[in-house]
Amino acid sequence: MIGEQALKQEYLVAKRKSAKPMLWVSMISMVMFFAGLTSAYVISMKREDWVSFDLPQAFFVSTFLIVASSITIYFSQLFLKQNKRQLSLILVVVSLFLGIGFVWQQYVGFNQLKSIGLFFTGPESTVSTSFIIGITFMHVLHLLAGLVVLFVVIYNHFKYKYKSDDMLGFELGAIFWHFVDILWIYLFFFFYFIR
């Protein structure tokens with residue numbers, strides 16, 4: 001019985017030690033993926049059929065929303081460390097709604113592009129719009145994964161699984177959320193300055 005508990009404890013310690021490095025490795029692979037996509041974008045700009053256009057207004061709004069969500073999750077984590085569970089929970093729920101607002105504004109942005117005649121596919125599509133919509137859509141997929149992570153964090157928060165001295169799950173969720181935030185900021189400025 002004691003040996004079984006010791007093995008279980010060793011397993012939990014090993015799992016905790018490997019969780020953050022595994023997350024970092026997966027985020028590095030995502031960075032490489034988006035670096036490849038944006039490199040292809042730059043190379044494709046030399047094509048004769050390249051069309052330059054301004055970013056839709058909704059992308060500016062979505063950028064504000066995702067930055068705000070990163071700030072709220074930062075303060076949520078800070079309050080959890082101070083054992084202010086209620087404030088922490090409220091702020092992580094606010095982060096979730098800001099993230100949903102981000103996804104909605106991305107959808108609005110896609111529609112704004114369509115309204116000015118820029119399409120992702122079909123005979124009216126261009127290489128530049130296909131790139132910007134494709135890359136943005138891939139980011140939205142990663143952000144949807146982040147929303148699932150926030151749902152899990154909120155659920156675990158309700159179940160009192162996080163304490164000021166045991167926040168690994170929350171920390172992992174916050175790191176991933178900050179990552180998708182930083183990734184969008186990179187993409188936004190990339191598309192804004194490189195057209």
Quiz prompt | Every residue from the range 119-139 that is over 16 Å from Ala35 (Cα atoms) and either assigned to a helix (DSSP H, G or I) or under 16 Å from the mean Cα position of the chain (by Cα) (or both) | solution = Val127, Ser128, Thr129, Ser130
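Tell me whether the range 81-103 contains one or more residues that are among the aliphatic types (A, V, I, L, M), part of a helix (DSSP H, G or I) and over 22 Å from the mean Cα position of the chain (by Cα). Working first, answer last.
To start, the set of residues in the range 81-103 that are among the aliphatic types (A, V, I, L, M) comprises 87, 89-94, 96, 98, 100, 103.
Next, only the ones that are part of a helix (DSSP H, G or I) stay: 87, 89-94, 96, 98, 100, 103.
Pick out the ones that are also over 22 Å from the mean Cα position of the chain (by Cα) and you get 87.
The answer is yes; a qualifying residue exists.
Table: residues versus (1) under 18 Å from the mean Cα position of the chain (by Cα); (2) in a helix (DSSP H, G or I); (3) under 25 Å from Ile175 (Cα atoms).
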residue: Leu23; (1), (2), (3): yes, yes, yes
residue: Ser26; (1), (2), (3): yes, yes, yes
residue: Val31; (1), (2), (3): yes, yes, yes
residue: Thr38; (1), (2), (3): yes, yes, yes
residue: Tyr41; (1), (2), (3): no, yes, no
residue: Arg47; (1), (2), (3): no, no, no
residue: Trp50; (1), (2), (3): no, no, no
residue: Leu55; (1), (2), (3): no, no, no
residue: Val61; (1), (2), (3): yes, yes, yes
Exercise. Six or more apart or on different chains, Cβ under 8 Å: which pairs go from a residue in the range 9-25 that's under 25 Å from Phe179 (Cα atoms) and at pLDDT 75 or above to one that's of a type in the set (Val, Ile, Thr) and surrounded by 10 or more Cβ atoms within 10 Å (Cβ to Cβ)? Could you list them?
Key: Lys20/Ile175; Leu23/Ile175
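Please determine whether any residue of the range 42-52 is surrounded by 11 or more Cβ atoms within 10 Å (Cβ to Cβ) and more than 19 Å from Thr136 (Cβ to Cβ).
Of the residues in the range 42-52, the ones surrounded by 11 or more Cβ atoms within 10 Å (Cβ to Cβ) are 42, 44-45, 47, 50-51.
Now narrow it down to the ones that are more than 19 Å from Thr136 (Cβ to Cβ): 47.
Yes, the conditions are met somewhere in the range 42-52.
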Quiz item: Which one of the conditions (1) at pLDDT below 95; (2) crowded, with 16+ Cβ neighbours inside 10 Å does Leu65 fail to meet, given that it meets all the rest?
Solution: (1)
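The values are calculated or read from the model by the stated rules, or taken from the named source; none is laboratory data. Since the structure is predicted, the reported quantities are computational estimates derived from the model, not experimental observations. We place every Cβ from the backbone using ideal geometry, glycine too, and count neighbours over all the protein chains shown.
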